[in-house]
Each structure stands twice: as structure tokens, then as C-alpha cells.
Amino acid sequence: MAMTTQRNAYDCVIIGCGPAGATAAAVLAQHGRSVLVLEKDQFPRHHIGESLMPHSYHTFKRIGMLEKLAASDFPRKESVQFVSASGRDSDPFFFPDWRADPSSSTWQVRRSRFDLMMLENAREKGAEVHTGVRVSRVLFDGDGSAGGHAVGVRARFGDEEREISAGVVLDASGQGAVISRQLKLTDFDARLRNGAIYAYFRGAYRDTGRNAGATIVVYTPTREGWFWFIPLEDDITSVGVVSTPEYLFTGRGDQPQAILDEEIAKCPGAQRRLAQAEQVSGIYVTRDFSYRSRRIAGHGWVLCGDAFGFLDPVYSSGLMLALKMGELGADAVHAGLAEGDVSAERLGGHQQVIEAGMACIKRLVYAFYDQSFSFGRFLADHPEQKDNVTRILIGDVFNDEVKRVFELMKDYANIGPPEAQASAAHSR
């Protein structure tokens, strides 16, 4: 196989053009930086994780995506609603009730279309984007250890392998987590090890009016798992069941369609919404193990989105976190290059902000999975906390105010220590 080397070709090479990589590419291009994005897949491609959080509004506005989303036929999302194990609907959490502002609503997006829109937006801003290119390794000077300086990447373009150098490597490779795997930086969360089985349905029940675009979270009858219902365009609904691999798969054989059918049949809240629906896709299985890298940056490199960490999807925080990390990571790269300082300290200055926001969402996730916890009972006892819960569901977690809810919630559920990640089960 031929090998070519490009020296000092780009200010930044970005691995991956999912939402985190596309955001970072657009921001860096807007800063006037030369950006090369290498994406292993061909777009459009299927991807799960279809629900946005309203807090992404300002990032979308900054990179020029807001008008494109507003002009699309993606359903508007103004609320989240929970359904109990017995099938009883909670009152919806309406985001605009907390703040009557355009930034309090968002969209439910089909990822094949949304990700392509984000990729094309990065190109429009001036980033050079190549798809079907797999990065096999990040190149470091010296011994290539975590303390080394990232100087570029090795990637395969068809039958040709190339080494491309850059001022900074930004890893947005999703759960492929190129740098974290290479440097063995990733720890899994022992409390959040789940899997999911999902499919797409036409004709599922939806509320009318403000709640029509809601994300619906339905507890299974034994509370050993939960369903998501995410309304998409053309009367299609994404429906999945989430639980531990032991519950979903042990003793059931390799029949995910039969397992999904069985779980729907057992769950009043799911059954009612799918009574008149038709499944219009094949079956999908995915792993939802939560993890996080111990570092968000090193000398000459920075991590964004799932390449830094993945958090259980119950509150649909993944896209919001990816967009936020893409934006902050790109700003750090631009400032570091401008100052001639691409050290770990300069590129990773936003790590504490990101970790604190993720910890806030994670503590609410822990409460959700505590079978003794009830949102209804907690909010009945503390109605003044509904605003803080709603703000977390919006994604407004990069502040100290909303964390006050956990001072009270710790008496109702095992939510773990503040700011701390649960003990790691093992390292990747």
C-alpha cells in the first residue's frame, strides 16, 4: 500500500463529522482556520440519538443551522413526558413554561438527514470534508505516549494510506474514540450499563397541540427498563426499549424482534401508543454503556462529543453535549493556535465546565434508575424545584443554580456524590 505524507497542511484535523465534529469544523472555519475533516462513513447514514435539547439553540445560531432547522419538516419539541409503570401519564414538562423564548423549544431529528445537514453546513463555512476515510492512528512525536505532542493522523483514502500533519488534532470520532482507545484513557460507569432494541413505526399515537412533538419516556411494568417514543416527520416514531443486557438478552436467544414485541405487549404505556401502529423498519440493537475519558485534552489534541464521554440516553443529552463540546473545543483550538500554546492546559480549559454539566445530568439519570424514586412524589413535596428539573431537561446545566435540586433529591434517590463519576467498572 502506498504511503504519502503531507506536512503542516492544516491548522486542525478533525476525526469524524458527526454533530460534534461538524460543529467544531464550522466554528474553526468561521475563525478562518484551515480545517480538514475525515469521516469514516458515507453520508447519509443511519444513527440513533434523534432528540435535541433546547439548550443547543445558541450553538445552532452561531454556526448558521438555526434557519435551516426552522425551515425543515422536523417536528418541534416543546416538552418531555413520563409514563409510569402502570401506564399513567405525568404532566408534561413544557420547556416554554420555564422561559417564553424561541430558545425554549427545539426539534426531533432523523439523524440521517440532520447529520448530512450539519456536514454540508461545515463545508459551506469553509471546512474541507472527506467521507469514507478511516483514521487508523493519531501521530505523536517522541514515544507517542499520553505526554507526547499530537502532530497529525494516519488515514486511509481508498487504497492509499496518508500521514497528515496538523497544528491540533480534534477527535470527534464518536464511540470509536480513537485517541482514548489509543492512549487507554476511558473508564466505564459501573451503574449505567444498558443496551437497547429499537425500530421505527408509522401511526403511533401522539398528543395534539403543544405536546405533539414530545419525547415520551415510558417505564416498563417492573421498572427494570424503559421505552423511548420520539416523533419524527412523515408520521414515523422511533421506539426503543432500554435495560441491562442481562434483562434484555439472557435466556431469550438471539431474537431481538421477538424481545421488542414481548416488551411492548407487557407494557401498558407502550402498548396503548402502538395499538394502531405498523412497524416500518428492521430491528436495531445497540449498546448504551456510559463512559468518560479521564482527560479532555493533551498536548496538541482535544476530545469532543462521544469521543470524550457517553451518557445514558434517557434525557436525550447526547446531541446537546456533542454540540457544546464541539463549540468549546473549537474555540480552545483557535485560541491556542493564536497564542502559540497548544498544551493540554490551554486546550482543555473547558473540561471542568463540561464535566460539571455531565455530572448534573448523570445525577438525574441515577434518580431515574432508582426504582424507589418518583418524580411525581418529589415534585409534590418540592414544587418549587420543577423549574430546576425542567432546566436540566432543557440542557441548561452549565451553571451552579440547577444543582441545588440535588440537595433535596439525595433524600429521595441514590444519586451519587456531587460532581463525581460513579466508580469505573473497567477501562477500555
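Just so it is clear, none of the values below were taken in a lab; they were calculated from the coordinates. Just so it is clear, the model here is predicted, and its values are computed rather than measured. No Cβ is skipped: glycine too gets one built from the backbone with ideal geometry, and neighbour counts run over all protein chains shown.
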Review point. Relative to the Cα centre, what is the charge dipole magnitude of the chain, using +1 at the beta carbon of each Lys and Arg, -1 at the beta carbon of each Asp and Glu, and rounding to the nearest 20 debye?
Key: 300
Revision key, fill the gap. Counting sequence-distant residues (5 or more places) and residues on other chains, those with an amide H built under 5 Å from that of Thr220 are Gly225, Trp226, Phe227
Study note, to complete from the structure: Using the Cα gyration tensor of segment 82-193, the equivalent ellipsoid's semi-axes, largest first and to the nearest Å, work out to 39, 22, 15
Point to revise | segment 354-422: mean projected area of Cα convex hull, nm² | key: 4.1
**Study point:** Candidates Ala155, Ala258, Ala85, ranked by Gaussian network fluctuation over the chain, Cα under 10 Å, top entry
**Key:** Ala258
Review point. What is the helix-to-structure angle for 111-125, meaning the angle in degrees between its Cα long axis and the longest Cα principal axis of the chain, kept from 0 to 90 and rounded to the nearest 10?
Key: 30
Exercise for review: Treat the chain as a sphere of radius equal to its Kirkwood radius over Cα pairs and apply Stokes-Einstein at 25 °C in a medium of 0.890 mPa s; give the translational diffusion coefficient in µm²/s, rounded to a whole number.
Suggested key: 111
**Study point:** Amide H contacts of Asp207 (H built 1.01 Å from N, under 5 Å, at least 5 apart or other chain)
**Key:** none
Review point. What number of lysine-lysine pairs in the chain show an alpha-carbon separation below 18 angstrom, given a sequence spacing of 8 or more or placement on distinct chains?
Key: 11
Point to revise | Angstrom value of the Kirkwood radius, inverse mean 1/r, which spans all Cα pairs in segment 269-428 | key: 17.8
Check your understanding: Rounded to the nearest 500, what is the chain's calculated 222 nm mean residue ellipticity when only DSSP H runs of at least 4 contribute -39500 (n - 2.57) each, over all residues?
Key -> -9000 deg cm²/dmol
Check your understanding: Remind me, relative contact order of the chain in percent, using alpha carbon pairs under 8 angstrom and six or more residues apart?
Key -> 21
**Study point:** Euclidean distance of C-alpha centroids, segment 1-80 and segment 334-389, integer Å
**Key:** 22
**Study point:** By average C-beta atoms within 10 angstrom, highest first, the peptides 182-192, 53-63
**Key:** 53-63, 182-192
Study note, to complete from the structure: Calc'd 3J(HN,Hα), segment 309-315, phi into Karplus 6.51 cos²θ - 1.76 cosθ + 1.60 (θ = phi - 60°), Hz, glycine/Pro = x, comes to x, 10, 10, 2, x, 4, 9
Review point. Under a point-charge model restricted to the Cβ atoms of Lys and Arg (+1) and Asp and Glu (-1), what is the dipole moment magnitude of segment 354-422 relative to its Cα centre, in debye to the nearest 20?
Key: 180
Revision key, fill the gap. Residue separation between Val353 and Thr131 times 0.36 nm, minus their alpha-carbon distance, gives in nm 76.8 nm
Review point. What are the ³J(HN,Hα) values, in whole Hz, obtained from phi via the Karplus relation 6.51 cos²θ - 1.76 cosθ + 1.60 with θ = phi - 60°, for each residue of segment 369-383 in sequence order, with x given for Gly and Pro?
Key: 7, 7, 5, 8, 8, 10, 4, x, 5, 4, 6, 5, 6, 9, x
